[in-house]
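First the structure, in the form of structure tokens, and then the observations on it.
The values are calculated or read from the model by the stated rules, or taken from the named source; none is laboratory data. No experiment lies behind these values; they were computed from the predicted model shown. Backbone-built Cβ (ideal geometry, glycine too); neighbour counts: all protein chains shown. What goes into the accessible areas is simple: the full protein's heavy atoms, side chains included, and nothing from ligands, DNA or RNA. Shrake-Rupley method; radii C 1.70, N 1.55, O 1.52, S 1.80 Å.
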Amino acid sequence: MQQALELARKGAGQVSPNPMVGAVLVKGGQVVGEGYHEQLGGPHAEVNALNLAGDSAQGADLYVTLEPCSHHGKTPPCVDAVIKAGVGRVFVGMVDPNPAVSGEGVRKMREAGISVEVGLLEDTCRRLNEAFIKYITGKTPFVLLKAALTLDGKIATYTGDSKWITCEESRRRVHRIRAEVDAVIVGVGTVIADDPQLTVRMYEGPYTNPLRVVIDSSLRIPVTSRMLQPDMAAETLIVTAPQKAESKKALGLIKRGARVIGVPEAEKGIDLAALMLRLGEEGIASALLEGGAEINASALASGIVDKVMLFYAPKIAGGKDAISFVGGEGVEKIADSITLNGITVSRSECDVVIEGYVENQKP
């Protein structure tokens, strides 16, 4: 199953909104076939493994990270191929959370006389597809909030300077995340201050640039912004207030290649929960939030954030006017703080990386 998980990860950024899946066939103590879901619309992991194994699949053990599908989608049901190949036993990492499948694949295999065990390395399998789980059950994207901070919690100095807080390895890691998500979200303040490209550059694997989403209720984005230039190999979506979506400025942005949509406003800016529903309708299953202090505060307050990833550099910025990770008014009491669960701590060269799930959001 560990090998199947490693195979599944190769599909990161290539199969969304479908899940990443890996499969390994073992017979007589030897691997006779393996495969993973390589691209959206292509053969699934089980079929690739079965094709590689050929006749050796007869009586073999199949290790697969996700329950084989039992419904017709872009490809035929994998469970039919498993049964037809004469596989002897199947070890499933986790049941498919898709209501169209959930448990049906396991039931069909057992009815065909195949021994099926479910739950091998289940927690790891669920983490692998945490975005898919959120999307397929709630029709909204899994949101990862990322920030680069000094040890005293600053994302920029009092002058607004933020390049570069973290080391090159950390920045490479972020570019890999960009390569694996469907969208990158920022507030217009970040666009005005940093003029970012929000494309994948420091990554050598296969990728498609994510959709760039700019939250801009008043359409303050400069038309000279780099993400509005015609040579950019990424789509830009500007989210604004409904009354601004058909303004002269909006039409000008559309002529520059951007899409502009109107989303209802909440008490403070765009209704982020409504935006998530809109993105879900467009098939966006995962999003990386790379915003500033105010958009971070709004996102956390609105409950759209599932996971937080903080890169702490061994630096101290100081200054009461330096920009903190989360803006807004903050909570009145520590008891009202947002709690993170499932905390992990790792190193990225000289930086320390802390990851955790917003309470009640763990997959």
On a 20 Å Cα-Cα criterion, which of the cross-link pairs Lys84/Lys108; Lys146/Lys320; Lys10/Lys84 come out too long? Lys146/Lys320; Lys10/Lys84
Given a Förster radius of 30 Å and the C-beta distance between Gln229 and Glu282 as r, what FRET efficiency does 1/(1 + (r/R0)^6) yield to the nearest 0.05? 0.85
Here the gain from full extension of Gln58 to Arg9, 0.36 nm per residue of separation minus their alpha-carbon distance, amounts to 15.0 nm
For the chain, give the share of DSSP beta bridges that are antiparallel, in percent and rounded to the nearest 5; count only bridges with both residues there. 45
Suppose we look only past 16 Å in the calculated P(r) of region 142-229. What percent of the Cα-Cα pairs does that tail hold? 60
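Is it possible to state the helix-based mean residue ellipticity at 222 nm for the chain, with each DSSP H run of 4+ residues giving -39500 (n - 2.57), the sum divided by total residues, to the nearest 500 deg cm²/dmol? What is it?
After summing the helix terms and dividing by residue count, I get -7500 deg cm²/dmol.
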Cubic angstrom per residue, convex hull over Cα atoms of region 278-327: 87
Leaving ligands, DNA and RNA out of it, rank Arg178, Arg259 by accessible area with a 1.4 Å probe, largest first. Arg259, Arg178
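Go through Glu281, Glu6 and list them by solvent-accessible area, largest first, probe radius 1.4 Å.
Working: Glu281 145, Glu6 110 Å².
Result, largest first: Glu281, Glu6.
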Report, to the nearest whole %, how much of the accessible area of region 100-189 belongs to carbon and sulfur atoms, 1.4 Å probe, protein only. 48
Taking only the alpha-carbon positions of region 109-185 and ignoring solvent, what does the Debye formula give for the base-10 log of I(q)/I(0) at q = 0.23, 0.24 Å⁻¹? -1.11, -1.14
Reduced to Cα centres, the span from region 204-254 to region 65-128 in Å works out to 41
Whole-number value, in Å³ per residue, for the convex hull of the alpha carbons of region 1-63 is 63
Loop-only chymotrypsin sites (Phe, Trp or Tyr not before Pro) in region 100-161, please: DSSP not H, G, I, E or B, and at most 15 other Cβ atoms within 10 Å. Tyr158
What the 10 Å binned alpha carbon P(r) of region 304-363 shows, as percent of pairs per bin from 0, is 18, 40, 38, 5
Leaving ligands, DNA and RNA out of it, work out the accessible area of Leu66 with a 1.4 Å probe and give it in Å² to the nearest 10. 10
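Kirkwood hydrodynamic radius, computed over distinct alpha-carbon pairs, for region 247-315: how many Å, to one decimal?
Kirkwood radius, region 247-315: 14.3 Å.
Evaluate the Kirkwood expression for the hydrodynamic radius of the chain, namely the inverse of the mean inverse distance over all pairs of different C-alpha atoms, and round to one decimal in Å.
22.0
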Between Glu111 and Thr339, what is the spin-label point distance in nm, taking each point 7 Å from the Cα along the Cα→C-beta axis? 4.4
Length gained if Ala100 through Glu359 is fully extended, taking 0.36 nm per residue and subtracting the Cα-Cα distance, is 90.4 nm
In nm², the average projected area of the convex hull spanned by the Cα atoms of region 193-248 is 4.6
With each pseudo-label sitting 7 Å past Cα toward Cβ, what's the His71-Cys350 distance in nm, one decimal? 5.2
Overall Cα dimensions of region 217-356 - principal axes, largest extent first, Å: 45, 35, 34
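What does the accessible area per residue of region 131-285 come to in Å², with a 1.4 Å probe and no ligands, DNA or RNA counted?
46
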Students often get this wrong, so check it: of Lys268/Lys307; Lys134/Lys163; Lys139/Lys315, which have C-alpha atoms separated by over 31 Å? Lys134/Lys163; Lys139/Lys315
